[in-house]
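Asks: Starting off with a structure, shown below.
Nothing in this text is a laboratory measurement; each read-out follows from the coordinates by a stated rule. The structure presented is a predicted model; accordingly, all values stated were derived computationally and were not measured. For neighbour counting, all protein chains shown are included, and Cβ atoms are generated from backbone atoms with ideal geometry for every residue, glycine included.
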Amino acid sequence: MPYPDLEMDPSSPTPVAGPGAHCRAARLSGADLAGRDLRGADFTGAWLDGANLKGADLRGATLHLAVLAEADLRGAQLDDADLRRSNLAGIRASGASLCGARLYFCRGAHADLSGADLRGADLTRAIFRCANFSGADLRESVGTPNLENATTEGVQR
Amino acid sequence: MILGQFILQNLEANAFILGCPATRTALMIDCGEDDPRFDDFLRAHGMRLTDVFITHTHDDHVGGLATVAARHLPVITAFTPTPGGVSATRTVAHGDSFLFAGLAGRVVHVPGHLPDLVCLIFPGMVFAGDALFAGSVGGTKSAELAQQQREAIHAHLLTLPDDTIVYTGHGPATTIGIERRHNPFLA
């Protein structure tokens, strides 16, 4: 069905986030979702800025166009997640697992991805100016992200 | 209000349709190509495209205007008189008001990326075109233009409340607060 990439209706109720949940364009700014099982959930265009997602299981979740800025993603599992065109500015994602994640065209100024596992991730056209990638594992990742003024000590490529 | 975001094939530019369920009217912000999903979206919501606002005249933002305008006959508002070779119904300048379905908007001029770039501010949100992106700003052809753009962003956009949502011409949405804290080009 042809449709917009994202449709936002502020009158829609905020959905309950759980495994496989449909949370498209949901307003979840600052929500406490730490440790939650959110595998395969659809957060397309959702507002998760400042959310606590520490240790959350977001494997295979769709976060296309989502705003995750300043979210706490430390130790979160984002393997095979769709993060295309997401806003990752200022996220804290040290030690997060992003194996095979799609980060095409995402924007992550000041993101902390130190020690993150990004093996096999798609970083095509991603921009991580001033981010911290120290000790991150980028082996077998695809694309060359813009890492202008980023910290890249100990990055494995 | 209902908002549809369309990522176009033309340089992956964003086009938006802001619809009012009460009046069944819709405003398009930029039109980089004539995407068949526009009319599907309008039909699905029973809305009529009555207005188009153009942020600037690069092809990825006006490339579809002629065909969309011919089909829907909207009121076209732009800074320049002939965006995309189409006659604007109304030209606007910095500080002009813009009313859509009872929503009071304001136009601000943010030159730099292009001399004719204007942003459309509604309460709680701004359509920024290619002036301000998540983590970046519009590309410019000289240091002087970059400085001009930077000053205009600081004067007219960063003065908005932190929770103002910024819908950008390319890429994800952001807020004024996020850009104030993290955009390396605005430090």
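Asks: How high is the relative contact order of chain A, given as a whole-number percent (alpha carbon pairs under 8 Å, six or more residues apart)?
Replies: In percent, rounded to a whole number, it is 13.
Asks: In whole Hz, with x marking every Gly and Pro, tabulate ³J(HN,Hα) for the stretch B:7-22 from phi via Karplus 6.51 cos²θ - 1.76 cosθ + 1.60, θ = phi - 60°.
Replies: Per-residue couplings from phi come out as 8, 8, 5, 5, 6, 6, 6, 8, 10, 10, 10, 9, x, 9, x, 6 Hz.
Asks: Moving on to the next point. For the stretch A:1-113, give the magnitude of the charge dipole about the Cα centre (Cβ charges: +1 Lys/Arg, -1 Asp/Glu; no others), in debye to the nearest 20.
Replies: The dipole magnitude comes to about 160 debye.
Asks: While we're on this one: Take peptide A:101-108, look around each residue's Cβ out to 10 angstrom, count Cβ atoms belonging to other protein chains, and average those counts.
Replies: Mean number of neighbouring Cβ atoms from other chains: 3.
Asks: Continuing with this model, one more query. What are the residues whose amide H is under 5 Å from the amide H of B:GLY129, where those residues sit 5 or more places off or on another chain and H is modelled from the backbone?
Replies: Amide H neighbours of B:GLY129: B:GLY169.
Asks: When you count, for each residue, the other Cβ atoms within 10 Å and take the mean per peptide, how do B:77-85, A:62-70 rank with the highest first?
Replies: Packing proxy ranking, top to bottom: A:62-70, B:77-85.
Asks: With a ≥ b ≥ c taken as the square roots of the eigenvalues of the C-alpha gyration tensor of the stretch A:35-105, please select rounded if a/c is under 1.5 and otherwise prolate if a/b is larger than b/c or oblate if it is not? The partial results should precede the final answer.
Replies: Values: a/c = 1.27, a/b = 1.05, b/c = 1.21.
Note, shape of the stretch A:35-105 comes out rounded.
Asks: Which far-off residues, 5 or more places away or on another chain, put their amide H under 5 Å from the one on A:GLY143, with H placed in the peptide plane?
Replies: Sorted by chain and number, the residues that satisfy this are A:LEU123.
Asks: Quick check on packing: order B:57-67, B:154-164, B:123-133 by the mean number of other C-beta atoms within 10 Å, highest mean leading.
Replies: Per-residue mean Cβ counts within 10 Å order the peptides as B:123-133, B:57-67, B:154-164.
Asks: Consider all pairwise Cα distances in the stretch B:90-147 and report the whole-number % of them above 14 Å. If you can, show how the numbers build up before the last one.
Replies: Values: 942 of 1653 pairs.
Roughly 57 percent, rounded to a whole number.
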